[in-house]
1. List the residue pairs whose Cβ atoms are under 7 Å apart, where the first residue sits in the range 118-145 and is touching a residue at least 40 places away in the same chain (Cβ under 8 Å), the second is part of a loop (DSSP other than H, G, I, E, B) and of a type in the set (D, E, K, R), and the two are 6 or more positions apart or on different chains.
2. Considering only the range 221-237, state which residues are within 20 Å of ILE187 (Cα to Cα) and surrounded by fewer than 18 Cβ atoms within 10 Å (Cβ to Cβ).
3. Which of the residues spanning the range 197-209 are over 17 Å from the mean Cα position of the chain (by Cα) and small (Gly, Ala, Ser)?
4. Across the range 492-509, which residue is nearest to PHE256 (Cα to Cα) among those that are more than 17 Å from the chain's Cα centre (by Cα) and part of a loop (DSSP other than H, G, I, E, B)?
5. Considering only the range 392-437, state which residues are within 27 Å of GLU457 (Cβ to Cβ) and out of contact with any helix residue (DSSP H, G or I) (no Cβ under 7 Å at 6 or more places or on another chain).
6. Where in the range 210-329 are the helices (runs of 4 or more DSSP H), entirely inside, with at least 2 residues that are under 30 Å from VAL421 (Cα atoms) and within 22 Å of the chain's Cα centre (by Cα)?
7. Could you list, in sequence order, the residues of the range 419-446 that are under 27 Å from TYR368 (Cβ atoms), among the hydrophobic types (A, V, I, L, M, F, W, C) and either touching a Gly at 6+ places or on another chain (Cβ under 7 Å) or at pLDDT below 95 (or both)?
8. With the checklist (1) assigned to a helix (DSSP H, G or I); (2) crowded, with 24+ Cβ neighbours inside 10 Å; (3) among the basic types (Lys, Arg) in hand, flag the one item ARG146 doesn't pass.
Amino acid sequence: MVVPYTHEPFTDFSVAENKKVMLDALKQIEADLGKEYPLIIGGERITTDDKIVSLNPANKEEVIGYVSKANKEIAEKAMKVADETFATWRKSDPKFRADILFRSAAIVRRRKPEFTAHLVKEGGKPWKEADADVAEGIDFMEYYGRQMLELKDGVNVNSRPIEHNQFNYIPLGVGVVISPWNFLFAIMTGTTVAAMVTGNTVLLKPASTTPVIAYKLMEVLEEAGMPAGVINYIPGPGSEVGDYLVDHPRTRFVSFTGSRDVGTRIFERAGKVQKGQKWLKRSIIEMGGKDTIVVDKEADLELAANAIVQSAFGFAGQKCSACSRAIIHEAVYDQVKERVVELTNELSAGDPYDNTHFLGPVIDQAAYDKITSYIEIGKEEGQLVAGGDGDNSKGWFINPTVFADLDPNARIMQEEIFGPVVALAKAKDFDEAIDIANNTDYGLTGAVITNNRAHQEQAREDFHVGNLYFNRGCTAAIVGYHPFGGFNMSGTDSKAGGPDYLVQHMQGKSTSEML
């Protein structure tokens, strides 16, 4: 019997023993720095001359690992292996597949400090953020394993005295999973195992900035009993490997998490029927956000300021759910703005290794350049009241930045920055605040800080986002508790970690037997 699902607890690093364990884990993984990692296709390790170099974003001179890089020819080999493996994997016992996830979760749980330490190094995550990332990956394995056990026998449909009817779910085929760098373990794990546990085979192409952690997941799944060829590890450039596999006529579905530009491009390419293709590819896509916290005049203002700062600057704002805008009722605007600036000025950006900084680095030079360019735009559009500078001499660090007095249509109020920058604007009343909150192309997360129950209910109806929170920040969704996914240009609202997520990786089959 499988025990009921509960989310993985977070580690309290204020406890001396937990801190010591984490420091020991960081020292332990330093022994692996600079190692080489092969591709994995059908269980075979394949080494290529061309490598992806994974760097520590807090220290550009520190190489996490050299990862073999796939190309079109290798991608085709992986596709053939996955296609052949699907013929048998689709008939595997769903309980067997779920057990692989449960065993994998247990392995990662036992090695949690090691995985957390790796995320500090490869992802530049502060300890708290890295620990939560690993916990979420464990949650995805535990939750999706249980969901598969619920779905394995299908759902009830009506029968008649003359016939017996059944409705079951069957897997789709070969799925291409393209995972992001920001939740380098959690999202990569969740999207991969969801495709696998539902009976599909997988071509996993992790982000090129964080490919080593995906290799470590492969090792865990293999140790847990996953057969060769079910998941194939093929990191490589999106312009070559990604496009080739998205276009491939044997690709049955694409699961992507990342930027709007790439996501819409994948959605368009996957929608084209290729020669020899006899299905419409399914797209499971989660893109970006321009997420807003609304502060009402009837609100706990200290809670509001803390929610804005924590949601805006956790993991340096590199979350699709991060608060990048706060719309504040004009009656309390100055008070909230002043407190946000005070709290922001208490934060610092630096190497997360020693756990003394709230913010770590941004992921790479391209991100640094993009974010700093938006800061320059912000200086023209609003009032810079905190931060606004950075240092990329050793790692890619940007100080938490606050702009005030923005026009709702300003670029930094409309465009996703994906960095530690938040913009503040005022609204004359709650109706206008909700209108401004809805005035972007996105619809991922949002929060409303208010003690007015009528305004809560109004926001529940009118604030058009996939994840809406009251009297808390707009980040930190928990698997099984806050199914996650957004509207409009935030994606296909796939609701990861929710009760209908696995169904998107399967198709319904109805059978009827005359009696």
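1. LEU119/LYS125; ASP133/LYS125; ALA135/GLU8; ILE138/GLU8; ASP139/GLU8
2. So the first thing to find is which residues in the range 221-237 are within 20 Å of ILE187 (Cα to Cα), and the list is 221-222, 224, 226, 230-237.
Within the range 221-237, GLU222, PRO237 meet the criteria.
3. Let us first name the residues in the range 197-209 that are over 17 Å from the mean Cα position of the chain (by Cα), namely 197-203.
Selection gives GLY199 alone.
4. Per the stated criteria, the residue is ASP500.
5. MET413, LYS428, ASP429, ASP431, GLU432, ALA433, ASP435, ILE436, ALA437
6. On the way: elements: 212-223, 243-247, 260-270, 301-313.
In the range 210-329, 212-223, 260-270, 301-313 are the helices (runs of 4 or more DSSP H) which contain 2 or more residues that are under 30 Å from VAL421 (Cα atoms) and within 22 Å of the chain's Cα centre (by Cα).
7. So the first thing to find is which residues in the range 419-446 are under 27 Å from TYR368 (Cβ atoms), and the list is 419-425, 440-442, 444-445.
Within this subset, residues satisfying the condition of being among the hydrophobic types (A, V, I, L, M, F, W, C) are 421-425, 444.
Scanning the range 419-446 gives VAL421, ALA423, LEU444.
8. Failing condition for ARG146: (2).
The values are calculated or read from the model by the stated rules, or taken from the named source; none is laboratory data. Computed from a prediction, not measured in an experiment: that's the story for all the values here. With ideal geometry, Cβ positions are generated from the backbone for all residues, glycine too; neighbour counts draw on all protein chains shown.
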